[in-house]
């Protein structure tokens, strides 16, 4: 049950340490180390396979002498919006220092699956080890649930794909195998007849997720202000308003942004150098060079697939899809010409076509062509996803999750008719790329990295 706060971000903390399923107790018989906690950070991100935690202990109770550095921590946070309990296993104790009769140190933790991954290997032909069920989400489900691999008990939210994954795993760790699949998966849904890829795999406090960036965006566009559904993984949409201390927007202080930062804004030169918006994509057969490119051509320069974000923009999903605009179209015409100039050549390895029985079939030849186009789509999808970045700090909210959405309202820096306008460019829905819950004393703050691809 949530606490009655006196200030925004009030939190009650209870931390218990376990070894072999039993609570650790110091010489006084105390098992709750909440009183010794100086700070806690719990972190989740769409780029991380597991959640992480840092616990800062000011230990005057002799717990350090009891710990081996591999214990299980139960972190219970009772907040003002939602309560959460996290189970994190320690893997490192660092930065230990002593002042008077107290030791201060940091315990680094991660989800239990992080450790299982280190001692789990995927080896052999996918056809055999996954019993012929070669769709990516089915393989990932087996890796996460099967007792031979990670054997997680957490909920799974996996997007189905259309392609079969036939490969030989050379003794990969479990997460390495999943990331390999993410690079090669194509979603079922199409937009404008175009195949979409660009998958991410991550853990948040709802469970494990395997989704395309386009689906992340689609889900955020459909997100509602209902209660978070823990079974379906559909999160509640919260709205946060940035306001100065002297302003009064009539909103609850719980849902006001205290700090607003615009990181890495407008690095136009970097995008040009790396071919973020245009370039050539070439498929390369390392065994038989003559079979390179689209499975048919021997001329790599003339027949290379030229990609442009301008051409594919309408075939992607975008935040605020009905009003979404490509920010590149608002640049000078001369600059847009530079953006469309194909500076970068990107290569992708094709399957060895000599051993493909279906290589001569028209359908299979088209699939090789699509591999080249998908490489370009994936690159542009990832890069365009980062068009707008916000980093905000808010009063603690444990009901926010990496991969879900949030609505942000930011006033403009100018007034019209004595009224403050809304900054339409930076306001709107964002995908939460990472979440950091930070506890200091009895105060919980949440720091979010937000991404969106389009403007109005």
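The values are calculated or read from the model by the stated rules, or taken from the named source; none is laboratory data. Every value quoted in this text rests on a predicted model; they were computed, and no experiment measured them. Don't worry about glycine lacking a Cβ; one is built from the backbone with ideal geometry, like all the others, and counts go over all protein chains shown.
For this structure, a couple of remarks:
- The residues of segment 13-71 that are in a loop (DSSP other than H, G, I, E, B), touching a strand residue (DSSP E or B) at 6+ places or on another chain (Cβ under 8 Å) and free of Cβ contacts under 8 Å to residues at least 60 places away in the same chain, listed by number, are 24, 31, 33, 60, 63, 67, 68, 69, 70, 71.
- Qualifying residue in segment 161-170 (condition: over 11 Å from residue 210 (Cβ atoms), surrounded by fewer than 19 Cβ atoms within 10 Å (Cβ to Cβ) and modelled with pLDDT of 95 or more): no
- Screening 424, 386 for residues that are in a loop (DSSP other than H, G, I, E, B) and within 20 Å of residue 44 (Cα to Cα) leaves exactly one candidate, 386.
- Candidates in segment 427-438 are the residues that are over 16 Å from residue 51 (Cα atoms) and touching a residue at least 24 places away in the same chain (Cβ under 8 Å); of these, the one that is surrounded by the fewest Cβ atoms within 10 Å (Cβ to Cβ) is 429.
- Qualifying residue in segment 404-414 (condition: under 20 Å from residue 218 (Cα atoms) and out of contact with any helix residue (DSSP H, G or I) (no Cβ under 9 Å at 6 or more places or on another chain)): yes
- Residue, surrounded by the most Cβ atoms within 10 Å (Cβ to Cβ), within segment 119-135, restricted to residues that are in contact with a strand residue (DSSP E or B) (Cβ under 7 Å, 6 or more places away or on another chain) and under 25 Å from residue 52 (Cβ atoms): 122
- Enumeration of residues in segment 313-346 that are in contact with a strand residue (DSSP E or B) (Cβ under 6 Å, 6 or more places away or on another chain) and closer than 20 Å to residue 212 by Cα: 315, 319, 320
- Within the set 195, 181, the sole residue that is touching a helix residue (DSSP H, G or I) at 6+ places or on another chain (Cβ under 9 Å), more than 20 Å from residue 322 (Cα to Cα) and surrounded by 20 or more Cβ atoms within 10 Å (Cβ to Cβ) turns out to be 181.
- Among residues of segment 27-54, those that are at pLDDT below 95 and crowded, with 18+ Cβ neighbours inside 10 Å, counted: 3
- Whether a residue is assigned to a strand (DSSP E or B), within 23 Å of residue 455 (Cα to Cα) and modelled with pLDDT of 65 or more was assessed, and residue 269 does not pass this test.
- Hey, residue 400 at pLDDT 90 or above and either out of contact with any strand residue (DSSP E or B) (no Cβ under 9 Å at 6 or more places or on another chain) or not in a loop (DSSP other than H, G, I, E, B) (or both) or not: no
- Filter pass, residue 222 being touching a helix residue (DSSP H, G or I) at 6+ places or on another chain (Cβ under 6 Å), surrounded by fewer than 20 Cβ atoms within 10 Å (Cβ to Cβ) and farther than 30 Å from residue 124 by Cα: no
- Exclusive hit being within 20 Å of residue 115 (Cβ to Cβ) and buried (at least 19 other Cβ atoms within 10 Å of the Cβ), set 11, 17: 17
- Selected residue (criterion: farthest from the chain's Cα centre (by Cα)) from residues of segment 206-219 that are buried (at least 20 other Cβ atoms within 10 Å of the Cβ) and over 12 Å from residue 431 (Cα atoms): 206
- Just so you know, in segment 312-328 the residues that are in a helix (DSSP H, G or I) and surrounded by 13 or more Cβ atoms within 10 Å (Cβ to Cβ) include one that is farthest from the chain's Cα centre (by Cα), and it is 328.
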